Every structure is written in C-alpha cells, then in structure tokens.
Amino acid sequence: MSSDMTGTRKMITGAVLLASLHFVILLAGFVAPNDPATQNRELPFVPPSRLHFVDARGHVHLRPFIYRWAPHAGSFNEYDESRDREYPIHFLVAGTQYRIAGWVPARIHLFGVEEPARAFLLGTDNFGRDQFSRILFGGQISVAAGILATLISLGLGTLVGCISGLYGKWIDEVAMRFAELFLVLPWIYLLFAVRSFLPLHMSPTQTFFLLITVIGTIGWARPARLVRGIVLGARNQNYVKASRGFGASDLHLMRHHILPLSYGALLTQAALLVPQYILAEVTLSFFGLGVSEPNPSWGSLLAILQQYNVLVSYWWMFAPAVALVVVSFGYLSIANAFHERLQSVSI
Amino acid sequence: MFRLGCVATLLLASGLPCFASSPPQTPLPGEELLSTDNPIGRYGGTLVVAQRSEPKTLNPVTAADAPSREVIGRLTADLIHINRASQQTEPALAKSWTVSKNGRVFTVKLRHGVRFSDGQPFDADDVLFSFKVYLDEKVHSPQRDLLVVGGKPIEVEKVDPYTLRFTLAQPYAAAERIFDGLAMMPRHLLERAYKEDKFATTWNLTAAPAEMAGLGPFRVREYAPGQKIVLERNPYYWKADRNKNRLPYLDELVFLFVGNEDAQAIRFQAGDSDIISRFSAENYVVLSREAAARGIELFDLGPSLEYNFLVFNLNDLSSKNLSKIAAKQTWFQNVRFRSAVSSAIDREGIVKLVYSGRASPLWGNVSPSNKFWVNSALPHPARSLDKARELLKSAGFSWRSDGRLVDRQSQPVEFSIIASSSNAQRSKMATIVQDDLNQLGMDVHVVPLEFRAVVDRVFQTYDYEASIMGLGGGDADPNPEMNVWLSNGGTHLWHLGESKPATEWEAQIDLLMRKQMVQLNYKQRKRLYDQVQELVAANVPYVFLATPNILVGAKKKVGNFKPAILDPNTLWNVEQLYFLPSNGSPPRATQ
C-alpha cells in the first residue's frame, strides 16, 4: 500500500514537473523576454543580468530591477553594470512579435524591461543573443523532435509487433531478424550516415521533419519486440480463443482484446524513448547536422562548448545542458513510476 | 645507461657542455659559414611545438599541406631566402648573385664547404638535380608553376662547381623571391629514386632517418606515428653567430601532433609546448589571463596577409546539371547585387564578434599590414543598409509586403553560404553575414561543411551558391597572387577555368597582372597593382570581410624569439632560438 502511495506521488511529481516544463516551452514566445535570433553585437557573452532590490544610493525597491551591462573599457568580453539608471522588471509588457505555439501572433511578453536595457536572465551567446530565450525556443525544437520521433517509433513498432505476433511463422522470423539487425546497429553513426546523404540546402522545417523521421524510423525495433511479446502471450488466452471462435476478425481481436494489454508497456516505452530521442536530436545538432542557424536547438546551443575558450570562460553557456537533464529526469521518473505500477498490477 | 651517465659527468666536470644530440662540428678551413647578427645564445635544450596535424610527407617537392611544409622548412634550405622580419631577400646557400641588365639572367655563386646533414658536400650538381626534379612535370610539384616564367621553365646551367646560371624567358619582377622555399636536395641520396620513377614516394614518413639528409638546421631523428616527430641538430649547418658558434643552439626540436587549435592552446597553457603560432583571438583572451603566472608571453603582431571573403558562384554551369544554381546566377552576376551585399555587411561586427577585436576589416585583397603593396587610396565605405537598398532597387529588385526581397520575376532572393565547419571563425562570419543580409530581406542559409567538402564544391563540382573562404598569407609580393587574379588561374575562385576573360574588367586585370609581373621598377609595378586593386574593389568578385591579426606566444625563457607576420611566423629563425638560463645570468655560448 505504502509503495503504491510513493509510486503515485512520484508519478504526480514527475507529471507536474513535465507538464509545467512543456507548458513553458510551448509558450516560449510569451515567457522569453527577447527574440531568440536578434543579435546584439555590442554585447557578446554578457553574463546573466543580476536582479537587484537595493540601488546604488542604498534605496530599497519593492519591484526588482536590473542594471544595463556596459562593456569594460579596453576589453571585448568583459562587462560592468552601469549604475546610472535602474531598469525595473515589468510584467506583461509589449515587445517583439512572436507566435504562440508557432501559430497565433502576439506581442505580450511575461516580463521585460524598458529599452535600451534588455533582460538577459541567462546571459548572451557569442552574437549577443539572449541565451534564456534561445533555450526556450530551442526546447520547442528538441522536445517536439523527441515526442514526434517517439510517436513514429511506437507507431511503426506496434504495427510490426502486431503483425509479427499475430501471424507468426516466417513473417515473424523475418520481422524479428530484421529488428535484431536494427538493434545491433550503432544508431548514432547510422544517423550521421543517413543525414550526410541528404541534400544540404533545406529549410529549417524540412530539416526538422527529416530529423524526426530518421530518428523515429531507426528506433522501431525495441517497441516492435515488446508488442510482439504481448501479442504472443495474449494470442493463446482463452478469452481471445473464445472471441475467435465466435468469428471475430483479426482486426477486432487486436483492437478489443490484445492491444489494450500493451498500452501500459507502450506508455512506459514512450516515457523512456522521448528523452532518448531528445538526446538523439541534441547529438545531431551538436555536430552541426540539425536545424541550421539562427534557429536554436539544445544541441546547437551546446555545440559552442566545443570551443575551449567558451568552456572555461562562460558558465551560462552550460544552461541548455541543465534543461536537458531536468527534462530527461522528468520523463525517466514517469517511466519508472509507470513501470512500478505495471509490475504491481501484474502481480 | 650507467656508462652514458659517466660520460655526461665527465663532460660536465671538464667544463664542456653535454649534448643530447651530435655536437656542432668545428668549421673546416675554407668553409664559408653565413654569420648571423643575433644576440649570442647558448647550446642545449629541446624546443617543443604543438602542431594541429601530422605532416603527410617529408618530401620537399611533393609536400602541399601546411604541417608538412612547417616541418620540412626546418630540415631544408634554399639558395636565396626571404628574411621574415625585413620581408627582403638575403643570401642563403647562395653567397651572392648578379642579375643581367635585361633582367633575364641570374648568376648565382654558391657558398663553399657546405655539407648536408649526413656530412656529404653540397655543390652545383645538387642544385641542378633539385631544379630538374622541381621542373619535371611527372613529379607534380606544387612549386613548378612558380618556376615557369613567360610559358617556359627556367633554364639552369652549371658554370663551375660553385656557380650556376639561371635564364628566364622574360624579365620577371622580384625573380629572386621565387628561390625562397625551394629546398636544395642531396643528389647522392635521391637520384636513384628519381631515375626509377619512385621520387614521389620517397622520403615519406616511414623513411629511415639515415636515408634522409638536408641543409636545414635540423635533421630527423625519430617519428612516432600520431604522436610526434623529433628533429635533432644538423651538426654541419652552414650558419654561425658572430662568435663563430655554429648554429642551431637547440639540441632538439619536437613537433607534437595534437589535433586542433584548442588542443594547441591547452598544451601551451599547460607548459607542454614552448611556442604557439597563429591561434585564435578567443584563446588569446584565455591564455593572457594567466600569462604572467605561467611564464609565457603573448604577441599580437597586427594584421596578417590573409584575406577572408564571401564569394558567389559565377562559374559557367552549362556543362553541369545545376539549373537551380544557374538560375540564381543572374543575381550573382549583377555587380550591383554584389556591391549591395558588400555594403550591407557589418565588417566592424565581424572584427568584434569573430576576432574579439584582434583583426582588421577589409575592403580589398591586400592587407593593411602589407605596406609595400596596399593601395591606401581605396575607399572604405561604412556599412549602409540604405545604400544597399538603393543599389538593389536600381538593379531591378523590389520588396514584398512581408519585407522579403524579390527579383524582376518576383522570385524571392534566397541562397545558401557554405563554410568550413572546422574553422570556427568562418562559420561565425557566415552567421553574421546571414543576419546582415536578412535585414535586406534576403533569405540566407548557412551550411557548415567539412573543409574537404567545401574545397571539393568550390574547385570541382561548382555545387554551391556562395562560400566564405580565405586566401593569401604566403608572401607580401603580388606574384604569388597571379593564380588568383588571372582569369585562367587555378585559384580564380569565382569563375574557374575561363578560356578567355568572361568580362571586360577581368580582361583588364589579366593585362595589368601580366604587365606588373615583368615590370622591374617598383614604383611602376606598384601603380599597376594599385589599378588591379581598384578594379577588384569596384567589381566585387569577392566581398572582402576581414583579416585576422597574427597571434603567437612563447615561454619567456625562449631567447631570440622574433615572430614575424610571414609564414612560418615563429620558427623562421629557429636556428637562433635558445633557452635562457633559469638563474637569469647573462647568456653565453660555449662549445
């Protein structure tokens, strides 16, 4: 009973964490104070804006404010806070145009400061672009890639698994040997190979769909084996045999008697696959094979850490990795909770 | 081991220096050593340099890549040498030379008593042999083109064992500069391989050190694949300091292969290497933070001779199946389009964001540091989007309601820029150019590709729309640039393989470049080359971006370190480098 309770609590915690993260990423344009592609060429590698409550004269402000960053004299990547004016943080302010979830145009941002200051919650990158906004927009690409590729994988896997499990014999043999082949393939290298065969000049949208198709298609084998196992087990159950005896078609059997048994396993599988596929997208983008500049993805944001000087100088460039870890943790804890639940049910 | 230790102790006890490699030979009577004027150093020590990649060969005739040439340059010597500090020619293996009045005949006197690193004597027969190999078409030497003047190869005759006569088909400006970097090779070791048609494969990395000999300050001792190549002192080297101490001072020179520029910086920071050449401005910032504590000194030598530029594909694509690119060429071929692009680019932004300010913006092919040849009258227009829009409008372009630029046929202007992904600077430049051109309503994609893929597309398949590339850096003289500007030149990137000049201005450039090549008077040559620079700036075949500063560093204990903007920036005087004594006492040479 108590383990059930902790399992449920874990699942709720994970679900709430994930839901809020996805909500923020979905509404990236609203939450992000700046446009992710706008370069501020005077402000490369600005450190995160510091929130202040007490100004230079010692006055306490109830509304938090920031100071502008001004380049340190004689230096290119060092900054001082220019304390001549405070820029209070305002909520629900009008700013650059964006589209909610890539669709509805809007101008209202969750927070912002008055021009010419800019709120850089996580500093800027080498072109002076707001890192916080780029992480949110990059999340849209990385997380959507993970989820969509998972759907493709599960769809393909379920299809192959059902056919294989239900019809058996040589179909099963061929499908499963094929699946084993896919399982032993070093998939990351396969992704590189596939990507390098494709044309270079593609729009970001094309690249994105190509990425998820490639990632999703390569990963069908594991869910296929899983579903096949469940179908094989269910096929010889008495209620299935009875249904067949009453003249039920294969499709009917599948939909009403066999597949429902696999939902739990598929959900667990999905929660495992999403972070794995987010990581696949991140890896490809890290090596420059993902969506191109200036569109961010977590992988392309992390790619700059390949440069030694960035690695040792600007800690805020690691922030996308933290986002990646948190999202992966959320999915894995849900997968874990699902798994525990499934086990307790089957026992 | 024990016996060696004893010998070392004995030598030390007797006040003699202990050499890790063969000690320098005492001069023979009649040996004409070249006396250098550097401050006197001291013998001993191993200098370590980290290289980005491994040399591909040690064969001076076939080597084409920078790492190979860097190592080979320390193993070999030339007849006449360009002093990297003064940028002027000076005697090397040739002790003197005279030029006939018509500028076509060079008579060169060789230094007496010079020996190869295996102790064998060097004379005119070795020079004859070396030129024969360089000029042999079957050997495919990258230097051969330089030795063909007026369509005919240079003729070489032996007058006596120490005198040679070189005859050119036509006068050639700065002809003595072509001798720089042409390694003189030992006939006694290589003639057999040459006669058996095996020359191209001799002196590769697996060759035994005993089979190789050169006239450079060092000779090969050991090669560890993937790790390092160890060079030791050439005990017969033909230079000495003014106290008659035979150079080089160093016992050994080691090249480590570390993979990339960041690794070079890390190894230098960690103290594993003594000298670092040509590293990025970002790493300069990182290294300078701890420079004093780590006993290193960094130098910013100012703008290099390299020029980075954006080039549009203007090649003749009729024989290729590239109709999409061919359609876009109607934009690229319009000089107003190219000028508009040039006007929209934020060169100051590139200098700041790509090079942390350690670079110079460029509006022409000659770097501001090339004082002898730069046309300082060229205009340096500031960035202006308004001017760019005007130019585009006058060329028939217009803007849609959503701000996108379209041509006369209402086709949106959209193209991609390829850049080498291994060159972080060029990728960054591409991103800045993309953002700048976006502001004109152009839809530009950046495609980072592996360096070889970029080269392949630009030189072979022509399957690209625009590219960011870099050229130059070899010599300050205009002649090595011939192949870039002549319409049939091998590096005439925007339009390769022209059988005749495609445009009027390219024909003019051809004429001017050919004229300057045979003009012996510097002022008149400069006037001709100034005109070339004006034509290039007016017709924008390349949109010039920036030239990086040359940044180098060395441990403070390296003496006589005199970096230069010409290649090789730091090791050009390696025979004079030495390690200062750690106790700070004044250096002295002992032998």
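Looking only at residues of segment B:476-500 that are part of a loop (DSSP other than H, G, I, E, B) and closer than 12 Å to B:V366 by Cβ, we find that the one that is nearest to the chain's Cα centre (by Cα) is B:A476. Quickly run through segment A:212-243 and pick out the residues that are surrounded by 15 or more Cβ atoms within 10 Å (Cβ to Cβ) and either within 14 Å of another protein chain (Cβ to nearest Cβ) or farther than 21 Å from A:T158 by Cα (or both). Answer for segment A:212-243, where residues must be surrounded by 15 or more Cβ atoms within 10 Å (Cβ to Cβ) and either within 14 Å of another protein chain (Cβ to nearest Cβ) or farther than 21 Å from A:T158 by Cα (or both): just A:S243. Scanning segment B:577-591 for residues that are at pLDDT 95 or above and either under 24 Å from the mean Cα position of the chain (by Cα) or of a type in the set (V, I, T) (or both) turns up just one, B:L577. Condition check for B:W399 on (1) at positive phi; (2) surrounded by fewer than 20 Cβ atoms within 10 Å (Cβ to Cβ): one failure, at (1). Restricting the search to strands (runs of 3 or more DSSP E) fully inside segment A:1-93 and requiring at least 1 residues that are modelled with pLDDT of 90 or more and within 14 Å of chain B (Cβ to nearest Cβ) gives A:79-88. Test B:V433 against the criterion of being within 14 Å of another protein chain (Cβ to nearest Cβ) and touching a Ser or Thr at 6+ places or on another chain (Cβ under 7 Å), and give yes or no. The answer is no for B:V433.
Could you go through segment B:326-334 and let me know if any residue there is over 30 Å from B:N283 (Cβ atoms), within 14 Å of chain A (Cβ to nearest Cβ) and not hydroxyl-bearing (S, T, Y). Within segment B:326-334 (the criterion being over 30 Å from B:N283 (Cβ atoms), within 14 Å of chain A (Cβ to nearest Cβ) and not hydroxyl-bearing (S, T, Y)), the answer is yes, since at least one residue qualifies.
Yes or no: segment A:325-339 includes at least one residue that is in a helix (DSSP H, G or I) and within 14 Å of chain B (Cβ to nearest Cβ). No, because not a single residue in segment A:325-339 is in a helix (DSSP H, G or I) and within 14 Å of chain B (Cβ to nearest Cβ).
Applying the set (1) in contact with a Leu (Cβ under 7 Å, 6 or more places away or on another chain); (2) more than 14 Å from chain A (Cβ to nearest Cβ); (3) not hydrophobic (A, V, I, L, M, F, W, C) to B:D300 leaves exactly one unmet item: (2).
Within the set A:G229, A:G247, A:G264, A:G165, the sole residue that is part of a loop (DSSP other than H, G, I, E, B) and either in the same structural domain as A:S292 (by TED's automatic domain parsing) or over 30 Å from A:N336 (Cβ atoms) (or both) turns out to be A:G247. If I filter segment B:403-423 for residues that are in contact with a helix residue (DSSP H, G or I) (Cβ under 8 Å, 6 or more places away or on another chain) and part of a helix (DSSP H, G or I), do I get at least one hit? Looking for residues that are in contact with a helix residue (DSSP H, G or I) (Cβ under 8 Å, 6 or more places away or on another chain) and part of a helix (DSSP H, G or I), one finds none in segment B:403-423, hence no. For segment B:436-475: of the residues being farther than 28 Å from B:N375 by Cβ, part of a strand (DSSP E or B) and not acidic (D, E), which is farthest from the other protein chains (Cβ to nearest Cβ)? Applying the filter and picking the extreme gives B:V444. Against the criterion of being on the phi < 0 side of the Ramachandran plot and crowded, with 19+ Cβ neighbours inside 10 Å, B:D78 qualifies. Assess whether B:D386 counts as being at negative phi and free of Cβ contacts under 8 Å to residues at least 24 places away in the same chain. In short, yes. State all residues of segment B:302-325 that are assigned to a loop (DSSP other than H, G, I, E, B), among the polar types (S, T, N, Q) and in contact (Cβ under 8 Å) with a residue 60 or more places away in the chain; if no residue qualifies, say none. Of everything in segment B:302-325, those that are assigned to a loop (DSSP other than H, G, I, E, B), among the polar types (S, T, N, Q) and in contact (Cβ under 8 Å) with a residue 60 or more places away in the chain turn out to be B:S304, B:N313, B:N315.
If the condition is being touching a residue at least 24 places away in the same chain (Cβ under 8 Å) and within 14 Å of another protein chain (Cβ to nearest Cβ), then segment A:312-324 contributes A:S313, A:Y314, A:M317. Exactly one of these conditions fails for A:R118: (1) away from chain B (no Cβ under 14 Å); (2) over 25 Å from the mean Cα position of the chain (by Cα); (3) without any contact (Cβ under 8 Å) to a residue 60 or more places away in the chain; (4) at negative phi. Give me its number. (3) is the only condition that A:R118 fails. Considering every residue within segment B:336-354, establish whether at least one is under 31 Å from the mean Cα position of the chain (by Cα), surrounded by fewer than 20 Cβ atoms within 10 Å (Cβ to Cβ), more than 14 Å from every other protein chain (Cβ to nearest Cβ) and not hydrophobic (A, V, I, L, M, F, W, C). No - not one qualifying residue is present in segment B:336-354. Candidates B:L189, B:L215, B:L231: the one that is under 30 Å from B:L146 (Cα atoms) and in a strand (DSSP E or B) is B:L231.
On inspection, B:A424 qualifies as among the small types (G, A, S), touching a residue at least 60 places away in the same chain (Cβ under 8 Å) and either closer than 17 Å to B:V543 by Cβ or at the interface with chain A (Cβ under 9 Å from one of its Cβ atoms) (or both).
Within the set A:R85, A:R41, the sole residue that is out of contact with any helix residue (DSSP H, G or I) (no Cβ under 9 Å at 6 or more places or on another chain) and of a type in the set (K, R) turns out to be A:R85. Quick check on segment A:277-311: of everything there that is aromatic (F, W, Y) and touching a residue at least 60 places away in the same chain (Cβ under 8 Å), which residue is farthest from the other protein chains (Cβ to nearest Cβ)? In this case the residue turns out to be A:Y277.
The values are calculated or read from the model by the stated rules, or taken from the named source; none is laboratory data. Everything numeric here is computed off the predicted structure, so don't read it as measured data. Positions of Cβ are generated from backbone atoms using ideal geometry, with glycine treated the same way; all protein chains shown enter the neighbour counts.
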